[in-house]
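Reviewing the structure listed below.
The values are calculated or read from the model by the stated rules, or taken from the named source; none is laboratory data. For clarity, every value in this text was computed on a predicted model and none was experimentally measured. Using ideal geometry, Cβ is built from the backbone for each residue, glycine included, and neighbour counts are taken over all protein chains shown. Ligands, DNA and RNA are excluded from the accessible area calculation, which covers all protein heavy atoms including side chains. Shrake-Rupley method; radii C 1.70, N 1.55, O 1.52, S 1.80 Å.
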Amino acid sequence: MRVEQVEMSQDNDRPPTLDLGSDAAANKTRNCSGGGGGGGAVAESASKTRNCTGCYGDLAASGSAENTLHNVLENVLHFLTSRHDRNAASLVCKSWYRVEALTRSELFIGNCYAVSPRRVTSRFKRVRSVTIKGRPRFSDFNLMPPNWGAHFTPWVAAMAKSYPWLERIYLKRMSVTDDDLALLAESFPGFKELVLFCCEGFGTSGIAVVASRCRQLRVLDLIESDIADDEVDWISCFPEKETYLESLVFDCVECPINFEALEMLVSRSPLLKKLGVNRYVSIAQLYHLIVRAPQLTHLGTGSFCNPEAMIHGEPEPDYAAAFAACKSLVCLSGFKDILPDYLPFIYPACANLTTLNLSYANISAEQLKPVISHCHKLQTFWALDSICDEGLQAVASTCKDLQELRVFPVDPREDGEGPISEVGFQAISEGCRKLQYILYFCQRMTNAAVIAMSKNCQDLVVFRLCIMGRHQPDHKTGEPMDEGFGAIVINCKKLTRLAISGLLTDRAFSYIGKYGKLVRTLSVAFAGDSDLGLKFVLEGCLRLQKLEIRDSPFGNGGLQSGLHHYYNMRFLWMSACKLSRQGCQEVARAMPHLVVEVMRNENDEEVDNHIQVEDMENHVQVLYMYRSLEGPRDDAPKFVDIL
């Protein structure tokens, strides 16, 4: 898989002796560099070198010159910060491959099953930061059975032995246990940053261990993770002295916290810039936090109401003054359990905001407009569709520097009555010409509005239009949405991520294959006519790395049309399509380095065995394919069959 070669810079043709730390590998590298083979050959080689170039007096001088070149290359590679540039450098030759590995301090593992921890730690010796991704994105929509895998345990065990100096771990969609977190806290004395995004399997007791033992902790961000309530006061576990905390985000922790301990923690964290609290922190409590931390740049507000004051009629603090004192505040989010009457309190902070996330705030257009009228510097805006087209029109007229817009549905049902349409969509395209990223959930759309977006916002890098009703055409003309999505890939030449939905024929996929040459991630829902559509994409999108398809009419023919490209991709996901087990088996046989997993729902085991076997022979509910340097994994649950 080209992507895993890119992410890990692995080369299957390289002999095992090229592992880091191998004397044989070092000797082979020296031989390739002109050091000679041995005996008279060495002397002859040295003599020829001396006669031809005059650079080296003898073999020792040759080795010294090579060491000099090695040191120069090492110093040069230190300036390469992009992992893509480093991957390219590692493929130049064997010497560069080894030196690049020695100088790499940051690792990105795009698929935790694409490579083993053993292979990683044997090659990269000086790693200080690790990013690992686990389950595919469609698992967020309950399309993957629970307990599928992506365990952090083998990774932390390997890193504990090899990287005692590790400082940062970022995990996405991984299964993490409290024991994993305890081992992390014990093994890395200088550990500084932990980010757990969409992770599961751990609880507040594991977080408490990290807080108490990682004395140099700067970042603890728990984002959209499923965290068990172990009834542990984890906030009180941070050091009693002044901390190094720069970021503390725990808005997904669905249990009460010790607010007095939190208040004291904020007070003794002078470097704190980012704070995101959960819904158990009221706006009255938030007031005390921001008064103690006016240096905050990012704030997640938690519950934006004060029920006690409402019930007892108590006087409330001057919230507006507290927000006004936060002169550095550029990002505001949270607003859970919001009472719209409290929104005016954030007006003083709005003028400096570049990011406003109201994706938990069920507010109307009339409640939004006074807020957004102060947000002239806004670059990123998230909201619920409760703001309606009118609210989006207000955003379009005010936020001329907007680069990212995400609009989520209050009611995600397919047959729901969506309050936003092509009207707000087109207003954004006309008013926000700098737009680069859009995620837009709606129930109805027109080709004309999408075409207008493609012409007005040609800097779009990410275009994700999710028409929630299945097979919805242009609601004005009744035509498929082919021309709209075609215009996006034709006019938006920087596009790398595309999500399509609505009534689409093979014509739309032909546009994508012909013009979507930079598309790396494609998500398809309820779309397509036949296998020809999938063939257009797999043969045309040469940079495609991630392909997600659900509830579409693609079958074995479409799947097999991508045999030439699957090794270059990170993964392919197909659910509720027209795949057979035999068709998937043929792909597995044709591509031995590809892991082909077919999944069934765990509840299927309760169905009559005859029906289950017949279903497994004739239909594949979920297919997940990815390239792995290690072959099939050894922790697959019973509902996963690896072909």
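Computed with a 1.4 Å probe over protein heavy atoms only, the accessible surface of the range 116-175 comes to 39 Å² per residue. Adding -39500 (n - 2.57) for every DSSP H run of four residues or longer, then dividing by how many residues the chain holds, sets the calculated 222 nm ellipticity at -10500 deg cm²/dmol. Between the beta carbons of ALA351 and SER267, assuming R0 = 25 Å, the FRET efficiency works out to 0.35 to the nearest 0.05. The modelled label-to-label distance for the pair TRP165/ARG507, using points 7 Å beyond Cα in the direction of Cβ, is 6.1 nm. Distance from the Cα centre of the range 180-222 to that of the range 493-564, in angstrom? If you average the Cα positions of each part, the centres end up 40 Å apart. Taking label points 7 Å from Cα along the Cα-to-Cβ direction, LYS476 and VAL423 give a separation of 1.2 nm.
Using R0 = 45 Å, the C-beta based FRET efficiency linking THR68 and TYR244 works out to 0.70.
Counted as membrane-span-like here are DSSP H helices of the chain whose alpha-carbon atoms extend 18 Å or more along the helix's own axis and whose Kyte-Doolittle mean is -1.0 or above; these are 39-53, 59-77. Under 14 Å from the 7 Å Cα→Cβ point of GLN295, by amide nitrogen: which residues of the range 328-365? Flagged as within label range: 328-329. Between VAL410 and ALA576, the contour length at 0.36 nm per residue exceeds the alpha carbon distance by 57.2 nm.
Computed from backbone phi with θ = phi - 60° and the Karplus coefficients 6.51, -1.76 and 1.60, the 3J(HN,Hα) list for the range 380-387 is 10, 9, 10, 7, 8, 6, 5, 6 Hz; x is used for glycine and proline. What the Cα atoms of the chain give is an Rg and a Dmax of 27.8, 97 Å. Here is the list for the range 386-484: trypsin sites (Lys or Arg not before Pro) lying in DSSP coil, each with at most 16 other C-beta atoms within 10 angstrom of its C-beta, are LYS400, ARG413, ARG433, LYS434, ARG470, LYS476. The local environment of ILE207, defined by Cβ-Cβ distances under 10 Å, has a net charge of -2 under the rule Lys, Arg +1 and Asp, Glu -1.
Give the carbon-plus-sulfur fraction of the accessible surface of the chain in %, rounded to a whole number; probe 1.4 Å, heavy atoms of protein chains only. Summing carbon and sulfur atoms, their accessible area is 50 percent of the total for the chain. Length available on full extension from ARG215 to LYS125: 0.36 nm per residue minus the Cα-Cα distance, which gives 30.0 nm.
Restricting the count to DSSP beta bridges whose residues both fall in the chain, what percent are antiparallel, rounded to a multiple of 5? Approximately 15 percent, going by the DSSP bridge assignments. Remark: the range 252-389 carries 40 Å² of accessible area per residue (probe radius 1.4 Å; ligands, DNA and RNA excluded).
Here r is the Cβ-Cβ distance between ASP635 and GLU106 and R0 is 25 Å; the resulting FRET efficiency, rounded to 0.05, is 0.40.
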